[in-house]
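Some notes on the structure that comes next.
Every read-out reported here was derived from the displayed coordinates using simple, explicitly stated rules and does not represent laboratory data. It should be emphasised that the depicted structure is a prediction, and the values quoted were computed from it without experimental measurement. Methodologically, a virtual Cβ is constructed for each residue, glycine included, from the backbone with ideal geometry; neighbour enumeration extends over all protein chains shown.
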Amino acid sequence: MNLTKKTKVQNNRTKVYEKKNTSVLLVEEYPTSKSMLKKTLIDFDYYITKHISFNEKLINEIEFNNPDILILSTEVLNDKTLKELAEINQLLPLPIVIFVEHDAPNIIQNAIKAGVSAYVVHETLPQRVKSVISVANERFKEVQSLRNELKQAKAQLESRKLIERAKGLLMEQKQISENQAFDALRKMAMNQGNSLAMVAKNIIDVCEVLSTPRV
């Protein structure tokens with residue numbers, strides 16, 4: 001086997017390994033090869049994409065390494081990290097697991113608001129790590145499902161508002177009934193290959209431009 005083919009095979013094996021195993025971005029105060037948490041994760045067949053300290057910009061590391069899970073281990077979770085986690089939850093959401101040595105007032109509530117899926121205080125027993133991650137994954141899926149449902153509900157409400165407004169404009173300008181206005185919208189949507197909401201928005205935009213007084 002020549003060098004090029006050998007390299008391709010190695011790369012393919014790496015890709016298969018990465019896809020098969022859940023990938024983790026591990027963040028610790030002092031990341032070393034002797035990290036007990038890192039060893040535990042590897043023993044449970046998790047793939048460590050990178051092992052970094054809290055000095056790194058977390059969102060940049062997530063964007064570059066594309067992990068399935070973010071795991072942090074620290075003595076106390078500070079406000080700076082909480083802000084970073086909130087940003088991650090908004091822009092690049094993923095399950096977040098935190099192991100802390102010492103708790104602090106209101107930290108758990110703030111961590112949940114920041115999108116943390118699991119928050120464990122003073123207990124990083126190897127036998128519990130896998131179950132904690134599993135619970136975090138399920139909680140993340142549930143939260144994301146609720147978030148998607150909320151987005152969909154908001155989008156549907158906005159679409160209905162646009163359609164009702166466009167119908168009103170057609171009824172006023174063409175002196176037609178509500179049913180006739182809706183039929184007109186539906187025919188335009190079919191002819192243009194667009195959604196009713198998109199057609200409605202286009203009608204509203206055109207009417208606003210035509211109604212704007214010229215200077």
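Which entries in the list Lys113/Lys161; Lys80/Lys141; Lys50/Lys154 go over 28 Å, if you measure between the two C-alpha atoms of each?
Violating the 28 Å limit, Cα to Cα: Lys113/Lys161; Lys50/Lys154.
Which of Asn179, Asn65, Asn21 moves the most in a Gaussian network model of the chain with Cα springs under 10 Å?
Asn179
How large is ³J(HN,Hα), in whole Hz, for each residue of the stretch 109-115 in order, when computed from phi with the Karplus curve 6.51 cos²θ - 1.76 cosθ + 1.60 and θ = phi - 60°, using x for Gly and Pro?
After applying 6.51 cos²θ - 1.76 cosθ + 1.60, I find 4, 5, 5, 5, 4, 7, x Hz.
Looking at Gln152, Gln180, His51, which one has the Cα that reaches farthest to the positive end of the dipole of the chain (charges on Cβ: Lys, Arg +1; Asp, Glu -1)?
Ranked along the dipole, the leading option is Gln180.
Go ahead and set up a Gaussian network model of the chain, Cα springs under 10 Å, then flag whichever of Arg139, Arg165, Arg128 fluctuates most.
Largest GNM mean-square fluctuation: Arg165.
Whole Å is fine, so just give me how far the alpha carbon centre of the stretch 131-209 lies from that of the stretch 73-116.
If we compute the Cα centre of each part, the gap is 35 Å.
For the chain, build the charge dipole from Cβ charges (+1 Lys, Arg; -1 Asp, Glu) around the Cα centre, then report which of Asn137, Val120, Thr81 sits farthest towards its positive end.
Asn137
With a point put 7 Å past each Cα toward its Cβ, work out how far Tyr30 is from Ser159 in nm, to one decimal.
It works out to 5.6 nm between the two label points.
Taking H as built 1.01 Å from N, whose amide H comes closer than 5 Å to the amide H of Val116, not counting residues under 5 places away?
Counting only residues 5 or more places away or on other chains, the set is empty.
Which value, in debye to the nearest 20, describes the size of the charge dipole of the chain about its Cα centre when Lys and Arg Cβ atoms bear +1, Asp and Glu Cβ atoms bear -1, and nothing else is charged?
1020
When the Karplus curve 6.51 cos²θ - 1.76 cosθ + 1.60 is applied with θ = phi - 60°, which whole-Hz ³J(HN,Hα) does each residue of the stretch 180-194 get, with x for Gly and Pro?
Each residue's phi maps through the Karplus curve to give 5, 5, 5, 4, 5, 4, 5, 5, 5, 5, 5, 5, 8, x, 10 Hz.
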